[in-house]
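Undergrad: First, the structure itself, so that you have it in front of you.
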Amino acid sequence: MARLSAGVSMSHVPAIGAAVDLGKTDEPYWRPLFEGFEFSRAWIAGEKPDVIFLVYNDHAVTFGLETIPTFAIGCGERFEIADEGWGPRPVPTVIGAPDLAWHVRQSVIQEDFDLTTLNEMKVDHGLTVPLTLMYGQPAEWPCRVIPFAVNVIVYPPPSGRRCFELGKAIRRAIDSFDEDLNVQIWGTGGMSHQLQGPRAGLINQEFDRNFLDALVDDPESLAAIPHVDYMRDAGSEGIELVMWLIMRGALNKKVKELHRHYHVPASNTAVGHIILQND
Amino acid sequence: MALDKPYKDIPGTTIFDSDQARLGYHVNQFCMTLMKPENRERFLENERAYLDEWPMSEAQKRAVLDRDYNALLKLGANVYYFGKLFFTDKISFEKGASLMAGMSQDDYREMMVSGGRSPDGNRFIGEKS
Ligand SMILES: [Fe+2]
């Protein structure tokens, strides 16, 4: 049987990918950010997950305004790296896990979560930066990946409650898959940030730290936060944090926090990172 | 009956909701084309002519030509879309954000390195910190 062993969250700021690709990780601006992932790199090398269920959002790269799926699951065999305008990031092609992805799709749609199914899609920094943070620069990614894209750009995104409940449905789907697989779920994006308008640069460290605390012990309280609170308190783009609730919903009620890291800033964003193990 | 839009009183912020996405459809789709280098080149050669290929309002075209990003936000453009203009102009997202904030890039970076813009006094229009 497939086993969901852990959940991981991290921000997916494009400048982090660029810092790695351009060899800048030792610069004073970037070093403290990357130091917080040293534990994680060693941990995942020992865990060797077979499949990452990777919750992220596309940033007007693969999806323009012609099609705006609220939830979309990547069921394809492989996902090429998108060219976001400066050439594709120099990272390996992402290999899918179509058998599990098709299984999850059928299971959660039967539970009333109406996913969009994607077989051909390119993936942007929202998906590749988390892989880079956890695995560095390998010649091939050492895991298969199910991309799970959430609309957080065209308001409204799905509610935190909906995301949390969807996570639970995804968990039931993984648990009912017959192949013996070690699966992790990642929820990416956030934390507080605002990229637009005269209020650009907003960071709310108190909000972020409370969010990290509650993510461990009291995720129900986070699922109740309305969109407007994220936008008001954590910046208009801080609403990406609803994606972390899909990750948390998929885990056990009780989890063990293995690692946490928080750093301001990466470009315009507060970077948060947490590893939660299913107890 | 109108929808409840409780985010309208957040200062310095335009939420990309249905109204904005409807208003900005063509300007955003124009921005998408700038991900291709040959389109960036053609745009930079004659910006006006390139913009005239799109059914955008004159105000939207003007805001693109002026790189008035705060005006673009009001006219329905979204930052992930007009971010394609940043790299057409070879500026970073940090620089783009500093322009919208009305700060020099150095001052903006200094603010970010010092912990970012505080939410205190910035949650509601007219609020005093
Ligand atoms: Fe994102």
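The values are calculated or read from the model by the stated rules, or taken from the named source; none is laboratory data. All values derive from a computational prediction rather than experimental measurement. Here Cβ is always computed from backbone atoms with ideal geometry, including for glycine, and neighbour counts include all displayed protein chains. These area figures cover heavy atoms from the full protein model, side chains too; ligands, DNA and RNA do not enter into them. Shrake-Rupley method; radii C 1.70, N 1.55, O 1.52, S 1.80 Å.
Undergrad: Go over the candidates A:Ser107, A:Ser40, A:Ser11 one by one and state the one that is open to solvent by less than 60 Å² (accessible area, probe 1.4 Å), among the polar types (S, T, N, Q) and farther than 26 Å from A:Asp175 by Cα.
TA: Only one candidate qualifies: A:Ser11.
Undergrad: Of the residues A:Gly87, A:Gly36, which single one is modelled with pLDDT under 95 and of a type in the set (Gly, Ala, Ser)?
TA: The unique qualifying residue is A:Gly87.
Undergrad: Output the residue which, of all residues in segment B:32-64 that are over 13 Å from the mean Cα position of the chain (by Cα) and among the aliphatic types (A, V, I, L, M), is farthest from B:Thr13 (Cα to Cα).
TA: If we take residues in segment B:32-64 being over 13 Å from the mean Cα position of the chain (by Cα) and among the aliphatic types (A, V, I, L, M), then B:Ala49 is farthest from B:Thr13 (Cα to Cα).
Undergrad: Still on this structure: Check whether at least one residue in segment A:10-29 is under 16 Å from the mean Cα position of the chain (by Cα) and over 30 Å from B:Asn78 (Cβ atoms), and report yes or no.
TA: No, segment A:10-29 has no match at all.
Undergrad: From the list A:Ala97, A:Ala60, A:Ala72, pick out the single residue that is surrounded by 20 or more Cβ atoms within 10 Å (Cβ to Cβ) and within 14 Å of another protein chain (Cβ to nearest Cβ).
TA: A:Ala60
Undergrad: Only one residue in A:Leu212, A:Leu245, A:Leu195 is more than 8 Å from chain B (Cβ to nearest Cβ), open to solvent by less than 40 Å² (accessible area, probe 1.4 Å), within 16 Å of the ligand (Cβ to nearest atom) and under 25 Å from A:Gly17 (Cβ atoms), so which one is that?
TA: A:Leu245
Undergrad: Here are some conditions: (1) away from chain B (no Cβ under 14 Å); (2) under 30 Å from B:Lys90 (Cβ atoms); (3) buried (at least 18 other Cβ atoms within 10 Å of the Cβ). A:Leu166 meets all but one. Which one does it not meet?
TA: Failing condition for A:Leu166: (2).
Undergrad: Within segment B:85-129, work out how many residues are more than 7 Å from chain A (Cβ to nearest Cβ), open to solvent by 20 Å² or more (accessible area, probe 1.4 Å) and closer than 27 Å to A:Arg209 by Cβ.
TA: Within segment B:85-129, residues that are more than 7 Å from chain A (Cβ to nearest Cβ), open to solvent by 20 Å² or more (accessible area, probe 1.4 Å) and closer than 27 Å to A:Arg209 by Cβ number 12.
Undergrad: Could you list, in sequence order, all residues of segment B:71-84 that are more than 10 Å from every other protein chain (Cβ to nearest Cβ) and open to solvent by less than 10 Å² (accessible area, probe 1.4 Å)?
TA: Once the filter is applied, which keeps residues that are more than 10 Å from every other protein chain (Cβ to nearest Cβ) and open to solvent by less than 10 Å² (accessible area, probe 1.4 Å), segment B:71-84 yields only B:Gly76.
Undergrad: Would you point out the residue of segment A:198-209, among those that are out of contact with any helix residue (DSSP H, G or I) (no Cβ under 6 Å at 6 or more places or on another chain) and assigned to a helix (DSSP H, G or I), that is least open to solvent (accessible area, probe 1.4 Å)?
TA: The qualifying residue least open to solvent (accessible area, probe 1.4 Å) is A:Asp208.
Undergrad: Here's a follow-up. Any residue at all in segment A:219-233 that is under 16 Å from the mean Cα position of the chain (by Cα) and crowded, with 18+ Cβ neighbours inside 10 Å?
TA: no
Undergrad: Okay, moving on. Among the strands (runs of 3 or more DSSP E) lying completely within segment A:69-175, list those that include at least 1 residues that are within 16 Å of the ligand (Cβ to nearest atom).
TA: A:71-74, A:144-150
Undergrad: Determine, yes or no, whether A:Ser236 is within 14 Å of chain B (Cβ to nearest Cβ), touching a residue at least 40 places away in the same chain (Cβ under 8 Å) and over 16 Å from A:Gly272 (Cβ atoms).
TA: Criteria met by A:Ser236.
Undergrad: A follow-up question, please. Pick from A:Trp86, A:Trp102: which is open to solvent by 50 Å² or more (accessible area, probe 1.4 Å) and within 14 Å of chain B (Cβ to nearest Cβ)?
TA: The match here is A:Trp86.
Undergrad: If you check A:Gly190 against the conditions, is it in a loop (DSSP other than H, G, I, E, B), closer than 30 Å to B:Pro11 by Cα and either of a type in the set (Val, Ile, Thr) or within 13 Å of chain B (Cβ to nearest Cβ) (or both)?
TA: no
Undergrad: Out of B:Arg48, B:Arg42, B:Arg22, report the one residue that is surrounded by 14 or more Cβ atoms within 10 Å (Cβ to Cβ) and part of a helix (DSSP H, G or I).
TA: When all the criteria are applied, what remains is B:Arg42.
Undergrad: Within segment A:149-163, identify whether any single residue is over 22 Å from B:Ile15 (Cβ atoms) and either acidic (Asp, Glu) or open to solvent by less than 20 Å² (accessible area, probe 1.4 Å) (or both), and answer yes or no.
TA: Scanning segment A:149-163, I find no residue that is over 22 Å from B:Ile15 (Cβ atoms) and either acidic (Asp, Glu) or open to solvent by less than 20 Å² (accessible area, probe 1.4 Å) (or both), so the answer is no.
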